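Reading through the structure tokens given below for one structure.
The values are calculated or read from the model by the stated rules, or taken from the named source; none is laboratory data. For clarity, every value in this text was computed on a predicted model and none was experimentally measured. Positions of Cβ are backbone-derived with ideal geometry, glycine not excepted, and every protein chain shown enters the neighbour counts. Keep in mind that these areas ignore ligands, DNA and RNA; they rest on the heavy atoms of the full protein, side chains included. Shrake-Rupley method; radii C 1.70, N 1.55, O 1.52, S 1.80 Å.
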Amino acid sequence: MATNTSEIKINVSLDENKIPESLSWSAPDGGVDNSPSKAMLLSVWDHTAKEALRIDLWTKDMPLDEMNVFFHQTLMAMSHTFQRATGDEKMAATMRDFCDYFAEKLELKKD
């Protein structure tokens, strides 16, 4: 049994219609304390049911241009994580090609 644990906490404030108005998160081991956010995507793997479970939240004032960048950066991160987790460089490259296409179609500027 594990002797060390780490906690990540997500706070969501909702309006009267249960629409997120604000999001914040804390990860004390990572030096994050009640940091505000406008959007979050959380996926967990249920090994018993063999399916991904997810929580996708964004505040009602999340700007569309920032949502586009958020998704692009998330997709890029997923391609890197996929490569590290599976060692499948060819599929990871294909995923990055899609990310380039995604950025081109949304006219995202490259830094």
Student exercise, region 16-111 dipole from Lys, Arg, Asp, Glu Cβ charges, in Debye to nearest 20: 200
Given a cut-off of under 8 Å on Cα pairs at least six residues apart, what relative contact order in percent is computed for the chain? 15
Surface per residue (accessible, 1.4 Å probe) for the chain, Å²: 81
Can you give me the orientation-averaged projected area of the convex hull built on the Cα atoms of the chain, in nm²? 10.3
Which value in Å is the Kirkwood Rh of region 1-55 over different Cα pairs? 13.4
Extension gain SER35-ALA52, at 0.36 nm per residue separation less the Cα-Cα distance, in nm? 3.5 nm
Considering only protein heavy atoms and a probe of 1.4 Å, how much of the accessible area of the chain is carbon and sulfur, as a whole percent? 55
Please identify the longest segment of the chain free of exposed GluC sites (Glu not before Pro), where exposed means a DSSP state other than H, G, I, E or B and no more than 15 other Cβ atoms within 10 Å. 17-106
With PRO36 itself left out, Lys, Arg at +1 and Asp, Glu at -1 over residues whose Cβ is under 14 Å from its Cβ give -2
For region 46-111, with the dipole built from +1 on Lys and Arg beta-carbon atoms and -1 on Asp and Glu ones, taken about the Cα centre, which of MET76, THR86, TRP58 lies farthest toward the positive end? THR86
For region 56-109, what is one quarter of the convex hull surface built on the Cα atoms, given in nm²? 4.2
Determine the sum of side-chain charges near LEU57: Lys and Arg each +1, Asp and Glu each -1, restricted to other residues whose C-beta is under 12 angstrom from that of LEU57. +2
In deg cm²/dmol and to the nearest 500, what is the mean residue ellipticity at 222 nm of the chain if only DSSP H runs of at least 4 residues count, each as -39500 (n - 2.57), divided by the residue total? -12500 deg cm²/dmol
